[in-house]
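Okay, so here's the structure we're looking at.
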Amino acid sequence: MYRIFIVEDDPGIARAIAAQAKMWDLDTWRVKDFRGVMADFARYDPHLVLMDISLPFFNGYHWCGEIRKVSKVPVIFISSASDNMNIVMAMNMGGDDFIAKPFDQTVLMAKIQAMLRRTYEFASSVPVLEHKGALLNTGDNTLTYKNRQISLTKNEYRILLTLMENKGKVVSREKLMERLWETDSFVDENTLTVNVNRLRRKLDGAGLEGFIATRFGVGYIIEA
């Protein structure tokens with residue numbers, strides 16, 4: 001049974017999410033001590049985190065950053081602060097998705113199920129993909145270049161994996177979003193843009209400038 005860690009200070013919303021999750025055979029832990037989020041996280045060892053932004057003492061960005069120091073567990077932000085700046089901030093802090101309040105519970109559960117599938121059930125038949133000396137290990141989701149490991153979020157890994165699997169071919173934004181979010185039509189395209197830009201910055205910083213090229217109006221390509 002997958003374990004969902006709910007960091008939401010509105011008891012009504014937290015209880016409603018937990019009740020809905022139970023119907024989907026998901027186990028949940030609702031944080032009640034908002035000073036001790038990491039202690040609960042370590043004790044519960046969740047498969048996925050639902051993180052509000054506005055919380056007592058420290059906000060969701062802080063706790064996402066703390067989680068990212070010790071874990072790559074997927075983090076979905078849930079917040080009424082759904083302007084572009086907050087979405088960008090959530091992605092930059094290591095979030096994997098963002099859902100604006102108020103949200104439909106069935107949509108939330110569909111997103112959770114999709115995230116769990118692609119995180120824990122996905123498997124590739126090719127163990128290592130290589131391009132320009134960069135090695136993408138599909139066994140442990142790591143990217144290595146010149147003996148240096150480049151840290152990737154789940155979304156960044158899936159974007160890079162899809163592009164490297166299709167090396168020499170343009171991959172449309174639609175195909176990338178389908179790979180990331182399956183058939184979920186509720187995803188804002190801005191989320192994909194944020195993830196691609198963040199991935200590019202990491203590649204550039206590691207010495208892989210121009211690794212991903214844009215074909216405007218079409219998509220992205222890793223040129224053979």
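The values are calculated or read from the model by the stated rules, or taken from the named source; none is laboratory data. Note that the structure is predicted; figures quoted are calculated from it, not measured. All Cβ positions, glycine included, derive from the backbone under ideal geometry; neighbour counts span all protein chains shown.
If the condition is being polar (S, T, N, Q) and either assigned to a loop (DSSP other than H, G, I, E, B) or at pLDDT 90 or above (or both), then region 71-82 contributes SER71, SER80, SER82.
A single member of ILE53, ILE6 is modelled with pLDDT of 90 or more, within 25 Å of LEU152 (Cα to Cα) and either surrounded by fewer than 19 Cβ atoms within 10 Å (Cβ to Cβ) or touching a helix residue (DSSP H, G or I) at 6+ places or on another chain (Cβ under 6 Å) (or both), and it is ILE6. Can you confirm whether ALA90 is out of contact with any Ser or Thr (no Cβ under 7 Å at 6 or more places or on another chain), among the small types (Gly, Ala, Ser) and in contact (Cβ under 8 Å) with a residue 60 or more places away in the chain? For ALA90, the condition - out of contact with any Ser or Thr (no Cβ under 7 Å at 6 or more places or on another chain), among the small types (Gly, Ala, Ser) and in contact (Cβ under 8 Å) with a residue 60 or more places away in the chain - is not met.
Considering only region 50-70, I want to know if a residue exists there that is part of a strand (DSSP E or B) and within 23 Å of GLU121 (Cβ to Cβ). Yes, region 50-70 has at least one match. Taking (1) surrounded by 15 or more Cβ atoms within 10 Å (Cβ to Cβ); (2) touching a residue at least 12 places away in the same chain (Cβ under 8 Å) in turn, THR144 satisfies each apart from (2).
The single condition among (1) part of a loop (DSSP other than H, G, I, E, B); (2) touching a Lys or Arg at 6+ places or on another chain (Cβ under 7 Å) that ALA18 does not meet is (1).
Against the test of being under 15 Å from ILE13 (Cβ atoms), in contact with a Leu (Cβ under 9 Å, 6 or more places away or on another chain) and of a type in the set (Phe, Trp, Tyr), the options PHE103, PHE77 yield a single qualifying residue, PHE77.
For region 37-50, filtered to residues that are under 18 Å from LEU116 (Cα atoms) and at pLDDT below 90, the residue that is nearest to the chain's Cα centre (by Cα) is ASP45.
Is it the case, given these coordinates, that TRP24 is in the same structural domain as ALA114 (by TED's automatic domain parsing), under 29 Å from SER151 (Cα atoms) and touching a residue at least 24 places away in the same chain (Cβ under 8 Å)? In short, no. Against the numbered list (1) assigned to a loop (DSSP other than H, G, I, E, B); (2) touching a Pro at 6+ places or on another chain (Cβ under 8 Å), GLY94 comes up short only at (2).
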